[in-house]
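Trainee: Starting off with a structure, shown below.
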Amino acid sequence: MCGIVGIVGKSEVASRLVEGLRRLEYRGYDSAGLATLVDGAITRRRSEGKLSRLTDLLVSQPLPGVTGIGHTRWATHGAPTTTNAHPHATAHVAVVHNGIIENFRELKDDLVARGHIFESETDSEVVAHLVSDGLEQGLTPQAAVSAALKLMRGAFALAILFAGHDGLLIGARRGSPLAVGFGEGEMYLGSDAMALSSWTRQVLYLEEGDWVVLSHAGATVFDANDREVTRAVRTVALSPAMIEKGNYRHYMQKEIFEQPQVIGDALATYLDPATRRPRLPEGGPDWAAVPRLTIVACGTSSYAALVAKYWFEQIARLPVEVDIASEFRYREAPMPKGGVALFISQSGETADTLAALRYAKDENQFIVALVNVPESSMAREADLVLPILAGPEIGVASTKAFTCQLTVLMCLVLAVARSRGTIDAAEEARLCAALSEVPARALEVLNHDEKIRAIALWLAEARDVLYLGRGAIFPIALEGALKLKEISYIHAEGYAAGELKHGPIALIDEAVPVIVLAPHGPLFEKTVSNMQEVLARGGRVVLLSDTAGIETEGRNAAEIIELPMVDAFVTPVLYAIPVQLLAYHTAVAKGTDVDQPRNLAKSVTVE
Ligand code: F6R
């Protein structure tokens, strides 16, 4: 986590560094800071709290300088104070860091023993002292960075500024992403291309172990063995307009309302326009011969994986194992010969998921990455990449990325089922027709926004909320609970409806709203029985169902949200939208910071 940015500029850089940091705030917002060279000397401005605190500080204490670095922090080592805020500096260098230096204690002990004085509790400060140490011994900036990199263990992206060297920045990447941008006589560094999008679309992504020397003349890239290497410069498709809030109050709201559009974009790519059948990128495995699919992800992406398990098993008759990455990576799971491992991640950078991918690679699995960021580490390391095409997701709580993950997974399931001969052409056509309707049906769901807002006013009063669902809708109950707790800070849990009587039913009373997700279909009666158990104990239910479901059971619920009648196959996507809106409006009613909820960051690049 943390966002870093750097500019070798022709004019003053402080305000542009702040602009870059604003685009990276989704990566952390515990503190922020800048460093530039003023008359050759390192000069810093740092502030705890959000970026707005730093901008206030810059008004009273402006920061000149044409070469500089900036940082927005998600705290790992040390509290989110100004002293622990980046950049960390000595008289010779200033450093911004994203990641963790695992051996910082031993490096620090050694540096302290040799007279270095540290001011913060962070692991990052050790980088500034290590590089300084090299400079004090007479090394050039390049040689000092190269020597320091060889001593550090862990995952990091770094940008380093050198006193007395206007027009020079050095960046390094190991485990955490770093993009290099090319301007007109200017050069940029950023944790992602979004940070650089106001200044350039010409971007080079450093590869694992690379480090880069930036000057007005351009960039020289070295690999982990200090050999000069060439990396492709690409034109990225991002424009500043894509990453603005527009007329919406929050990014999360904008991203919820973008869903009909982006789901449609994904379908336009993954459904053949002539046949309306799924088409996948070339180079996939022979699905008919695959003995088992392992799907690994974290958080919301892991709930997409859980939904996909129901689909793959029922429709493609393919055995599926799903695990969360932080457990999978350490449990030394045996993996079958000829197996496929699928990694789902919006960012494509989540540290645990990336480590799990590498484990599966070592186990000779065919690696598929389902990601939103096509240049991400997971995309680069996979055998097959399935981009979800959601566009930039900036709200920390994932919304459109989740429904786009589900959309692409539905296309994948149908393509796999065809390869395995588990569905005939008529069934495939029926399911594809249901899939093609999803954007229009999603728009209908969004029309319930006002009704959902009214229900949210009630939820905002609750201390605990339960979500119930069955089958492929059960993971949507988990997702609904996660969304509510992460942005409204209300305690919420999702349960498989049939599991309620095995313990959680003890929580039911009139103060605990129970959100029942029950599309009319094969499992409807079962879910309704569980809803009756809740009602019998004084519980108050919000029922999300379709016309048929509401007709039979709506009268028993305290509140109803009527969703479109659709094929059971596509219900997980459509039922995800009202639970997003419920969480969103509850958070707004409570007055929490919707786009930047406390303690969270979007791209979790630490374990
Ligand atoms: C919740 C949320 C997180 C992420 C998780 C994985 O709203 O956004 O739970 O889903 O951190 O992130 P990615 O998908 O980038 O690997």
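The values are calculated or read from the model by the stated rules, or taken from the named source; none is laboratory data. On a predicted model such as this, the values are computed, not experimentally measured, just so you know. Counting neighbours? That spans all protein chains shown, and the Cβs are built from the backbone with ideal geometry, glycine included.
Trainee: I'm trying to understand the selection: among the residues of region 235-253, which are modelled with pLDDT under 95, surrounded by 11 or more Cβ atoms within 10 Å (Cβ to Cβ) and either part of a helix (DSSP H, G or I) or in contact with a strand residue (DSSP E or B) (Cβ under 6 Å, 6 or more places away or on another chain) (or both)?
Mentor: V236, P240, M242, I243, Y251
Trainee: Further question: Taking the residues in region 362-380 that are over 16 Å from the mean Cα position of the chain (by Cα) and either within 14 Å of the ligand (Cβ to nearest atom) or assigned to a strand (DSSP E or B) (or both) as candidates, determine which candidate is farthest from T300 (Cα to Cα).
Mentor: F366
Trainee: Something else: With part of a loop (DSSP other than H, G, I, E, B), small (G, A, S) and without any contact (Cβ under 8 Å) to a residue 40 or more places away in the chain as the only criterion, which of G338, G348 stands out?
Mentor: Among G338, G348, only G348 is part of a loop (DSSP other than H, G, I, E, B), small (G, A, S) and without any contact (Cβ under 8 Å) to a residue 40 or more places away in the chain.
Trainee: If you check V320 against the conditions, is it within 24 Å of the chain's Cα centre (by Cα), under 20 Å from T571 (Cβ atoms) and at pLDDT 90 or above?
Mentor: Yes, satisfied.
Trainee: Out of region 22-51, which residues are at positive phi and in contact with a strand residue (DSSP E or B) (Cβ under 8 Å, 6 or more places away or on another chain)?
Mentor: G28, G49
Trainee: Turning to a different aspect of this structure: Name the one entry in A511, A497, A492 that is away from the ligand (no atom under 16 Å from the Cβ), out of contact with any Asp or Glu (no Cβ under 6 Å at 6 or more places or on another chain) and without any contact (Cβ under 8 Å) to a residue 40 or more places away in the chain.
Mentor: A497 is the lone residue from the list that is away from the ligand (no atom under 16 Å from the Cβ), out of contact with any Asp or Glu (no Cβ under 6 Å at 6 or more places or on another chain) and without any contact (Cβ under 8 Å) to a residue 40 or more places away in the chain.
Trainee: A follow-up question, please. Say we look at region 83-115 and pick out the residues that are exposed (fewer than 13 other Cβ atoms within 10 Å of the Cβ) and among the charged types (D, E, K, R); which of these is farthest from R153 (Cα to Cα)?
Mentor: R114
Trainee: Let me ask something additional. Out of (1) touching a Pro at 6+ places or on another chain (Cβ under 6 Å); (2) more than 16 Å from the ligand (Cβ to nearest atom), what's the single condition that is false for L306?
Mentor: (2)
Trainee: Looking at region 326-333, is at least one residue modelled with pLDDT of 95 or more and near the ligand (Cβ under 10 Å from one of its atoms)?
Mentor: The answer is no, given that none of the residues of region 326-333 is modelled with pLDDT of 95 or more and near the ligand (Cβ under 10 Å from one of its atoms).
Trainee: Related question: Taking the condition of being of a type in the set (D, E, K, R), touching a helix residue (DSSP H, G or I) at 6+ places or on another chain (Cβ under 7 Å) and surrounded by fewer than 21 Cβ atoms within 10 Å (Cβ to Cβ), how many residues in region 449-473 meet it?
Mentor: Total meeting the criteria: 3.
Trainee: Six or more apart or on different chains, Cβ under 8 Å: which pairs go from a residue in region 526-540 that's under 17 Å from T552 (Cβ atoms) and in contact (Cβ under 8 Å) with a residue 12 or more places away in the chain to one that's assigned to a helix (DSSP H, G or I) and of a type in the set (D, E)? Could you list them?
Mentor: From residues that are under 17 Å from T552 (Cβ atoms) and in contact (Cβ under 8 Å) with a residue 12 or more places away in the chain, the pairs are V528/E553; M531/E553.
Trainee: So in region 512-553, with the set limited to residues that are touching a strand residue (DSSP E or B) at 6+ places or on another chain (Cβ under 8 Å) and among the hydroxyl-bearing types (S, T, Y), which one is surrounded by the fewest Cβ atoms within 10 Å (Cβ to Cβ)?
Mentor: T547
Trainee: If you don't mind, another one. Might you check whether a residue that is assigned to a helix (DSSP H, G or I) and surrounded by 15 or more Cβ atoms within 10 Å (Cβ to Cβ) occurs anywhere in region 270-282?
Mentor: Within region 270-282 (the criterion being assigned to a helix (DSSP H, G or I) and surrounded by 15 or more Cβ atoms within 10 Å (Cβ to Cβ)), the answer is yes, since at least one residue qualifies.
Trainee: I'm told V445 meets every condition in (1) in contact with a helix residue (DSSP H, G or I) (Cβ under 9 Å, 6 or more places away or on another chain); (2) within 29 Å of L24 (Cβ to Cβ) except one. Can you identify the failing condition by its number?
Mentor: The one condition V445 does not meet is (2).
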